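Remarks on the structure that follows.
The values are calculated or read from the model by the stated rules, or taken from the named source; none is laboratory data. All of these numbers come straight from a predicted model, not from anything done at the bench. Reconstructed Cβ throughout: ideal geometry from the backbone, glycine too, with neighbour counts over all protein chains shown.
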Amino acid sequence: MPSLHPELGFYTLAGGAERPRDLIDEIADGEDMGLGATFISERFDVKEALTLSGAAAAVSNDLRIITGVTNHNLRHPIVTASHATTMHHLTGGRFALGLGRGIPIRAKALGLPPITTAQIEDFVQLMRRLWRGETVIGHDGPAGRFPALRLDPSFDLHIPMALAAFGPNSLALGGRAFDDVILHTYFTDDTLQRCVATVKDAAEQAGRDPADVTVWSCLATIGDHLPEPARLKKTVGRLATYLQAYGDLMVETNQWDPAVLTTFRADEMVRTIGGAIDRVATTEQLEHIATLLPDEWLAPAAQGDAASCAAAVKGQLDLGADAVIMHGASPAELRPVLEAYA
């Protein structure tokens, strides 16, 4: 049965996950509510994306399942390509393979090189060829050197691919080579419109129909029906974690004041928190960190009562997004918002 709201999605196991089996109830709730897609992010603890994708497929019938995202250089191309074809057949075509650049400091710690736009584009072309049943001999490109790559020569598959895009080069790549583009949380209205335009223009320049590329706004959706400590973790904690990981890019993209980021980084509490702020900070620490972040930085989110949150979601569509990920909340937490939206 088609989803009631194909334009709406959610992240399963949003943020850190102590119990990956919670995914099972979340998928059931999401389908019951008529949501269109679930996104699966990856953390290297109990959120390995390939395993979770298979679990989501096994307990769903209608939801699109989109990795949001993994990195192309974490697994051999044959492993990733085979994962996608397995998921494609397992779900009856509901799966999309989502890729992104990842966090440079984490890649360096793992001994992996920084991911470039050229590497991702080369990797996409490899996937497309393998899914068409081609045998790739002697590949030597930005994604790596591979003597021989082959799946099943009878394949003739189009498996959707998604890209988490931030900067103009990634956004343009999304427009010319991907089916879905996932934007980042806490993008201002101006940033959202600029990103959508970049994706759609690149698609048109590549000879594609811009409507064939779905641009997903990623909107933190944190209604006031949630307890205050949870709201702090999902708003202040989440934005602060992004600033820990790639604050300069966030500030540059949104054209925010870099002096605020400097103050944030210099704060003694921020400097001494041992881990991702949204994972380890106490409520008292989050209350302090909230004083370091301007209201305008936290404003690009759906907050307030259910009707206000629903209006903010619709506002993303009015600004040009094709679809909206209601980020940072489980389907059960989103139910009042969806009822207002409907």
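A few points about this structure:
- Of all residues in the range 113-132 being among the charged types (D, E, K, R) and in a helix (DSSP H, G or I), the one that is surrounded by the most Cβ atoms within 10 Å (Cβ to Cβ): Glu121
- Close pairs from the range 262-277: first farther than 19 Å from Met250 by Cβ, partner of a type in the set (A, V, I, L, M) and surrounded by fewer than 13 Cβ atoms within 10 Å (Cβ to Cβ), Cβ under 7 Å, at least 6 apart: none
- Pick from the range 14-23, criterion modelled with pLDDT of 95 or more and buried (at least 16 other Cβ atoms within 10 Å of the Cβ), ranking: nearest to Ala55 (Cα to Cα): Leu23
- Matching helices (runs of 4 or more DSSP H) fully within the range 226-342 where at least 2 residues are over 28 Å from Gly36 (Cβ atoms): 228-232, 238-254, 258-266, 268-272, 277-280, 283-290, 295-298
- Residue list for the range 195-224, restricted to those being touching a Leu at 6+ places or on another chain (Cβ under 9 Å) and without any contact (Cβ under 8 Å) to a residue 60 or more places away in the chain: Cys195, Thr198, Val199, Ala202
- Matching residues in the range 133-181 - criterion: being of a type in the set (Ser, Thr, Tyr) and assigned to a helix (DSSP H, G or I): Ser170
- If only residues of the range 41-50 that are over 19 Å from Ala329 (Cα atoms) and in contact (Cβ under 8 Å) with a residue 24 or more places away in the chain are counted, the one that is farthest from the chain's Cα centre (by Cα) is Asp45.
- Applying the criterion of being among the hydrophobic types (A, V, I, L, M, F, W, C), in a helix (DSSP H, G or I) and without any contact (Cβ under 8 Å) to a residue 12 or more places away in the chain to the residues of the range 75-112, the residue that is surrounded by the fewest Cβ atoms within 10 Å (Cβ to Cβ) is Ala109.
- Residue-level check: of (1) assigned to a loop (DSSP other than H, G, I, E, B); (2) more than 19 Å from Ile40 (Cβ to Cβ), His184 misses just (2).
- Flag for Ala276 being modelled with pLDDT under 95, on the phi < 0 side of the Ramachandran plot and more than 17 Å from the chain's Cα centre (by Cα): yes
- Among residues that are acidic (Asp, Glu) and more than 14 Å from Phe187 (Cβ to Cβ), Glu268 is included.
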